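The values are calculated or read from the model by the stated rules, or taken from the named source; none is laboratory data. As the structure is a prediction and not an experimental result, all values here were calculated from the model. Cβ placement follows ideal geometry from the backbone for every residue including glycine, while neighbour counts extend to all protein chains displayed.
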Amino acid sequence: MLRACFAVLLIISGLNTAGAENQQLPIMKLSILDHVITVELADTASARMIGLMHRRKLPENDGMLFIFPAPGIHCMWMKDTVIPLSVAFLDEMGKIINLAEMVPETLIPHCSVSAARYALEMNSGWFTARKIKVGDRTIEAINSGSIW
């Protein structure tokens with residue numbers, strides 16, 4: 001009986017992240033200062049929950065934009081995420097509220113310091129290397145209309 005319960009738990013836990021590497025999300029080009037990036041849009045609860053879990057690499061100028069249903073204090077963690085990431089929390093107008101560096105496979109919450117509508121995950125150090133900082137408002141959509 002114990003083995004059967006354990007097997008069921010393994011199957012259920014695997015379903016939560018099954019296909020994490022293969023999820024097909026909408027893609028958008030964004031401009032931050034003079035840097036053009038390609039982001040996957042995590043605009044559903046499921047996409048936000050999976051995020052970049054189990055990805056083995058992230059191209060240098062690619063990332064994921066988490067779109068929350070409403071502004072609020074939102075937190076990110078690195079459960080089952082094996083690549084180091086930086087996160088920028090953004091307000092409704094795309095202004096950077098705060099930045100954080102996140103360590104792979106940890107459960108440490110990284111939260112916005114004020115109401116955020118978006119979180120942008122990029123490779124670790126990406127924002128720092130490009131001198132992108134808190135208060136920068138130059139994030140805009142390219143060729144697709146603005147989302148903010």
(request) Please tell me if Ala88 is over 10 Å from the mean Cα position of the chain (by Cα) and surrounded by 16 or more Cβ atoms within 10 Å (Cβ to Cβ). (result) no
(request) Consider Ala100 carefully, then state whether it is farther than 17 Å from Met49 by Cβ and either of a type in the set (A, V, I, L, M) or under 13 Å from the mean Cα position of the chain (by Cα) (or both). (result) yes
(message) Restricting to region 57-67, count the residues that are closer than 19 Å to Thr44 by Cβ and either among the small types (Gly, Ala, Ser) or out of contact with any helix residue (DSSP H, G or I) (no Cβ under 7 Å at 6 or more places or on another chain) (or both).
(response) 4
(request) Please specify each residue of region 19-31 satisfying the condition of being within 15 Å of the chain's Cα centre (by Cα) and modelled with pLDDT under 90. (result) Ala20, Glu21, Gln23
(message) Suppose we filter region 28-55 for residues that are exposed (fewer than 15 other Cβ atoms within 10 Å of the Cβ), at negative phi and of a type in the set (A, V, I, L, M, F, W, C); how many remain?
(response) 3
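Listed here are the residues, each with its yes/no results for (1) modelled with pLDDT under 95; (2) acidic (Asp, Glu); (3) within 15 Å of Ser124 (Cβ to Cβ).
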position	(1), (2), (3)
Val8	yes, no, no
Thr17	yes, no, no
Leu33	yes, no, no
Leu41	no, no, no
Arg48	no, no, no
His54	no, no, no
Met64	no, no, yes
Gly72	no, no, no
Pro84	no, no, yes
(message) Quick check on my filter: what residues within region 56-67 are under 12 Å from the mean Cα position of the chain (by Cα) and either of a type in the set (Lys, Arg) or assigned to a loop (DSSP other than H, G, I, E, B) (or both)?
(response) Leu58
